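**Student:** Pasting in a structure now, in structure tokens, and then I'll have a few things to ask.
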């Protein structure tokens, strides 16, 4: 409580909705979705292991140093590009909202990551998860924990990227963007600007 008073005293104009429990409550669903995905795939891995459907232990090194290594390498390239792009664009959108800069906002409003980024990222993610499910882990606990951790992180990255890329439904932009900005026809708006010039 004293900390809150100090913050309010030093920053009388800070936005309460972006701090403390209110902010945490907005982010809980994002983490929860990723955790559920991780748990479901961990259970799937347990079932695969229980049924004896895993690869033979002899295949462990080939999977680790060939299929998995190459898949993670490609995943990092595309995931890194995707998250960097949406972070850069979200900064511009956030500034535009704060500064009431409609033109800049409209330039980014309907822009989303191209399918050529989503497609390889989705395929590589599928390959990684497939090999994780059938990987011959030494025991059930290590297998389930490993699958949960990796799927959780991949799901969290995907969900955060989607939230940052879809401004209209994003938890970070929806509440603070003027409602009428979503109704504006972009082509007509900029056509009118060019005619005025």
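All of the numbers you see were taken from the coordinates with simple rules; none came from a lab. As the structure is a prediction and not an experimental result, all values here were calculated from the model. With ideal geometry, Cβ positions are generated from the backbone for all residues, glycine too; neighbour counts draw on all protein chains shown.
**Student:** So how do 27, 118 line up by other beta-carbon neighbours within 10 Å, fewest first?
**Tutor:** Numbers: 27 13, 118 17.
Least crowded to most crowded, the residues run 27, 118.
**Student:** Still on this structure, please answer the following. Tell me, 125, 94 in order of fewest to most beta-carbon neighbours within 10 Å? It would help to have the intermediate numbers written out before the result.
**Tutor:** On the way: 125 19, 94 16.
In increasing order of surrounding Cβ atoms, one gets 94, 125.
**Student:** A further question on this structure: Please report, for the Cα atoms of segment 45-197, the Rg to one decimal and the Dmax as a whole number; what are they, in angstrom?
**Tutor:** Final numbers for Rg and Dmax: 21.5, 72 Å.
**Student:** Work out the FRET efficiency for residue 170 and residue 56 from their Cβ-Cβ distance, taking R0 = 35 Å, and round it to the nearest 0.05.
**Tutor:** That gives a FRET efficiency of 0.20.
**Student:** Still on this model: State the three equivalent ellipsoid semi-axes of segment 55-115, derived from the C-alpha gyration tensor as the square roots of 5 times its eigenvalues, in descending order and whole Å.
**Tutor:** 42, 9, 7
**Student:** List 144, 68 from most exposed to least, where exposure is judged by having the fewest other Cβ atoms within 10 Å.
**Tutor:** Result, fewest neighbours first: 68, 144.
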